[in-house]
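Chemist: If you scroll down you'll find the structure; I have some questions about it.
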Amino acid sequence: MTKVVGHSLAVLGQLAPDWEIVLVDDGSTDDTVAVARAAMGAAGARLRVIAHDSKRGYGITVADGLRAARMDYVAFMDGDGQFDPADLTTLADLMPTADLAAGWRRRRADPGYRLIIAGVFNVLVRTLYGVRVKDIDCGLKLMRREVLEAASPLLARSALLNTELYFKCQRSGLRIRQVAVNHYPRVAGVRSGARLIPILRAIRDLVWLRLRLARHWRAPLAAPVPESS
């Protein structure tokens with residue numbers, strides 16, 4: 001956490017004069033928040049903490065962070081050390097022509113079985129959602145606030161949050177661009193592994209979310225283009 005926060009400070013200071021870090025503590029039992037505050041140093045006032053009393057999972061954790069963000073541009077990144085905060089600059093370079101800039105892992109530092117599961121998952125997403133992007137679950141994204149407004153309310157309660165963002169962004173006519181980013185072996189957290197029950201649950205949730213989106217979400221109407229005089 002110290003490394004992630006420390007590197008983020010240096011990058012954010014170069015990207016914008018006004019910025020904040022929203023840390024969502026998903027029911028951790030260690031000193032995550034204290035370590036993060038210490039790493040912030042003199043910039044401590046720029047850290048905002050959202051704390052869960054118990055573990056609520058990836059989707060809820062990321063969604064809570066996105067809802068709490070107050071800036072015009074919002075990024076999120078996993079806190080397990082697998083991404084390099086410096087790649088936020090790479091995403092920022094795409095923003096002149098993008099509303100959602102997302103990374104794809106050029107060399108994914110995960111076990112082989114996870115790559116197979118991810119490949120099958122991407123096929124299912126393309127079939128059910130019509131979303132055709134690389135590495136849909138890459139946990140490094142940067143977006144304009146308009147993306148969050150179009151995607152509201154966020155319905156996913158798992159890693160399907162990434163699928164939901166892509167789907168709503170695409171259906172809203174917003175621009176998506178991707179770029180290769182670095183990926184490193186995990187230094188924190190615990191994987192669920194390739195157990196059958198989590199896999200079946202993910203497939204169930206994939207179908208459930210698609211049905212909910214069909215019933216409860218409509219793309220916002222585009223603003224009318226003013227007539228030229």
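Chemist: Kindly list the number of the only condition in (1) within 13 Å of the chain's Cα centre (by Cα); (2) among the hydrophobic types (A, V, I, L, M, F, W, C); (3) not in a strand (DSSP E or B) that fails for Leu142.
Modeler: So the condition that Leu142 fails would be (3).
Chemist: Residues being over 28 Å from Arg144 (Cα atoms) and at pLDDT 95 or above: count how many of those fall in the range 169-206.
Modeler: So the answer is 0.
Chemist: Somewhere in the range 148-167, is a residue more than 19 Å from Gly59 (Cα to Cα) and modelled with pLDDT of 95 or more?
Modeler: Initially, the range 148-167 is screened for residues more than 19 Å from Gly59 (Cα to Cα), giving none.
Checking the range 148-167: not a single residue is more than 19 Å from Gly59 (Cα to Cα) and modelled with pLDDT of 95 or more.
Chemist: May I pose another question? Take Arg70 and tell me if it is surrounded by 15 or more Cβ atoms within 10 Å (Cβ to Cβ), farther than 21 Å from Gly103 by Cβ and not aromatic (Phe, Trp, Tyr).
Modeler: no
Chemist: Of all residues in the range 67-118, which are part of a loop (DSSP other than H, G, I, E, B), small (Gly, Ala, Ser) and either at pLDDT below 95 or farther than 16 Å from Val4 by Cβ (or both)?
Modeler: Ala69, Gly79, Gly81, Ala98, Ala109
The values are calculated or read from the model by the stated rules, or taken from the named source; none is laboratory data. Predicted, not measured: the structure shown is a model, and the values here were computed from it. So basically every Cβ, Gly included, is an ideal-geometry build from the backbone, and we count neighbours across all protein chains shown.
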